[in-house]
Amino acid sequence: MLFDTHAHLNDLQYEDDLLEVMNRAREEGVENIVVVGFDRPTIVKAMELTETYDFIYAAVGWHPVDAIDMTDDDLNWIKELASHPKVVALGEMGLDYHWDKSPKDVQKEVFKKQIALAKEVKLPIIIHNRDATQDVLDILQSEGAEEVGGIMHCFTGSVEVARQCIDMNFYISLGGPVTFKNAKKPKEVAAEIPLDKLLIETDCPYLAPHPLRGKRNEPSYIRYVAEEIANLRGMTADEVGSQTTENAKKFFGIS
């Protein structure tokens, strides 16, 4: 029993073999997948996937790298989609200081607008953070994001930062990097944070876990994430899968 809380099956890399990818996921015990849309084309595809597969849900939002492209029409469209029964979160949203396409002030403004929208439509949020931890934390706090809560997606920060996020009503989601041999911080987080605040994800097609690092990632590979967390916590992979699935269903409101 596994739940991939963050996948990009709406990516063009799956155009030719999506059905096979889905079948492999089901064979590995993946019960549900949340497909994340982060701009117009990927949101449209995410919504199509929710209509095609009963076990797929969607998150819709605007990626910080493309913040400069987001219009008021886009935000209104996301608001409309938020009422769809299979849209379970807004995002991914946040800050990304690695790429310089969108100026920091524009990213912050778009991030704040999406938090405000999430509070209006009463949906949790999924956070993308790259090289911007303190600013992300400051905005979550100043904008009252605790009211809706959320997920720190593909978390690679410290145990201390993870605890700060948990205190703000956020779950910590770990993906492929926790399996990397040199990934000291994710392994510490996996071992130390409360199990009832932990989620797992692939972020596919990116960040394939060891021993598949460098290949195209897919939801069936989430078992490697569960196995690594289980090793770090002295549990079985089934126990990790069961608890993180329960956590995800509770978080997304999926019965």
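Each value in this text was obtained by applying a stated rule to the coordinates, not by laboratory testing. On a predicted model such as this, the values are computed, not experimentally measured, just so you know. As a convention, Cβ positions derive from the backbone with ideal geometry for all residues, glycine included, and neighbour counts pool all protein chains shown.
Across the chain, the mean sequence separation of Cα contacts (distance under 8 Å, 6 or more residues apart), normalised by length, yields a relative contact order of 19 percent. Highest mean packing first, where packing is the average number of other Cβ atoms within 10 Å per residue, the peptides 79-89, 169-179, 239-249 line up as 169-179, 239-249, 79-89. Across the chain, the volume of the C-alpha convex hull divided among the residues equals 114 Å³ per residue.
Region 1-62 and region 155-212 have Cα centres spaced 21 Å apart.
In terms of its C-alpha gyration tensor, region 25-134 has a prolate overall shape, because the principal axis ratio a/c (a ≥ b ≥ c, square roots of the eigenvalues) is not below 1.5 and a/b outweighs b/c.
Taking the Cβ of residue 97 as the centre, find all other residues whose Cβ is under 10 Å away and add up their charges (Lys, Arg: +1; Asp, Glu: -1). Surrounding charge for residue 97 is -2. A crude spin-label estimate for the pair residue 31 and residue 48, with each label 7 Å from Cα along the Cβ direction, gives 2.9 nm. When the Cα atoms of region 1-82 are aligned to their principal axes, the ranges along those axes come out at 42, 24, 20 Å in descending order. Distance between the pseudo-spin-label points of residue 104 and residue 16 (7 Å out from Cα toward the beta carbon): 4.2 nm. Could you tally the net charge around residue 147, taking each other residue with its Cβ under 10 Å from the Cβ of residue 147, Lys/Arg +1 and Asp/Glu -1? Here the count lands on 0.
For a straight C-alpha distance cut-off of 15 angstrom, the aspartates and glutamates reachable from residue 122 (same-chain residues fewer than eight places away being disregarded) are 80, 143, 146, 147.
Under 27 Å of direct C-alpha separation, and excluding same-chain neighbours fewer than eight residues apart, residue 119 reaches these lysines: 45, 79, 86, 104, 108, 197, 249, 250.
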